[in-house]
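Worksheet for the structure shown next.
The values are calculated or read from the model by the stated rules, or taken from the named source; none is laboratory data. Computed from a predicted model, the values in this text were never measured in an experiment. Cβ atoms come from the backbone with ideal geometry, glycine included; neighbour counts cover every protein chain shown. Heads up: the accessible areas ignore ligands, DNA and RNA and are worked out on the full protein's heavy atoms, side chains in. Shrake-Rupley method; radii C 1.70, N 1.55, O 1.52, S 1.80 Å.
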Amino acid sequence: MKYSAHFALMLATSLVVGCSRAPDKAPDAAAAPSSAATAPSPAAPAAADQQGKQQMSPLEGVLDLLLAKDGAAWSTFDHAAGVQWRDPAPQDNPDSNSPDNARYRSGNLLLAGFGVVEVPDGKVGAEAGTKQANEGEVGVTLNGSADQVRSVTLVKFYANEDYQQVLQRQFGPGATVEPIAGQCELDYGTTAENTQANQFFKLSLTNTKIVYAEGYVDDGGNQGPGTTTFEFTTSRPTQKIASMRCKES
């Protein structure tokens, strides 16, 4: 699945929108509140739990919502920390016939571990140019059925095959990112040789909170700087791995 120049333009436009927010709205994955030692109180466990949630990176917070025990209702993502939604509510997806992809909602968030680079400025034609932005500014899209979010997709500028390192930087020291498949022979849904360096991972955020991630790149050719895409699901993409003839770890 290749992304066109039009898609890159959409991503550039979304990043312009995300970067234009007021400073106090911008996500700060590096900020972590400090606290002095105090005597235990009945409210201490609840406060500690709330502090832990506040310290989650934007991506970890979104995945935590995706893993909700009773299903990830669309409304639970309304106030996801560090996410600026472009769509005020879920939108109908005219490009899919699958009930699990009937709706989507798009916005922006910031990934940790990146610096300032030149990216497309969202303009077209002769006016098209570049601007400086944090490479970690990414487009985020929720995909799902009429009542629940089923998957999460991130797209960032620049092709970067260091998927495992990028993912690991988004989570606390207790989380693990384990490769489960790679070296795929085919691009998904085709009989063409794999060109997107697809790799699959098992993300154990805790012992009981597990999500699966796929990373792949589009080098952009002469149409832009290329992109890196991450797709997150709550179930292991066994069928997809098999159909692409990936080598399992």
Relative packing of peptides 190-198, 91-99 - highest average C-beta neighbours within 10 Å first: 190-198, 91-99
Sulfur and carbon atoms: percent of accessible area, the stretch 122-205 [1.4 Å]: 45
Inter-centroid distance (Cα atoms) of the stretch 218-249 relative to the stretch 102-152, Å: 17
Accessible area in square angstrom per residue, the stretch 59-177, 1.4 angstrom probe: 48
Unsatisfied cross-links (Cα-Cα over 18 Å) in the set 202/240; 156/247; 69/209; 131/156: 156/247
For the stretch 98-213, diffusion coefficient by Stokes-Einstein and Kirkwood Rh (Cα), 25 °C, 0.890 mPa s, µm²/s: 147
Which of 238, 233 is most accessible, then next, and so on - probe 1.4 Å: 238, 233
Heavy-atom SASA rank of 247, 131 (probe 1.4 Å, accessible area, largest first): 247, 131
Phi to ³J(HN,Hα) by Karplus 6.51 cos²θ - 1.76 cosθ + 1.60 over the stretch 119-126, Hz, x for Gly, Pro: 10, x, 8, x, 7, 10, x, 5
Overall form of the stretch 69-146 per C-alpha gyration tensor (a/c, 1.5; a/b vs b/c): oblate
Sequence-distant residues sharing a close amide H with residue 122 (under 5 Å, placed H): 129
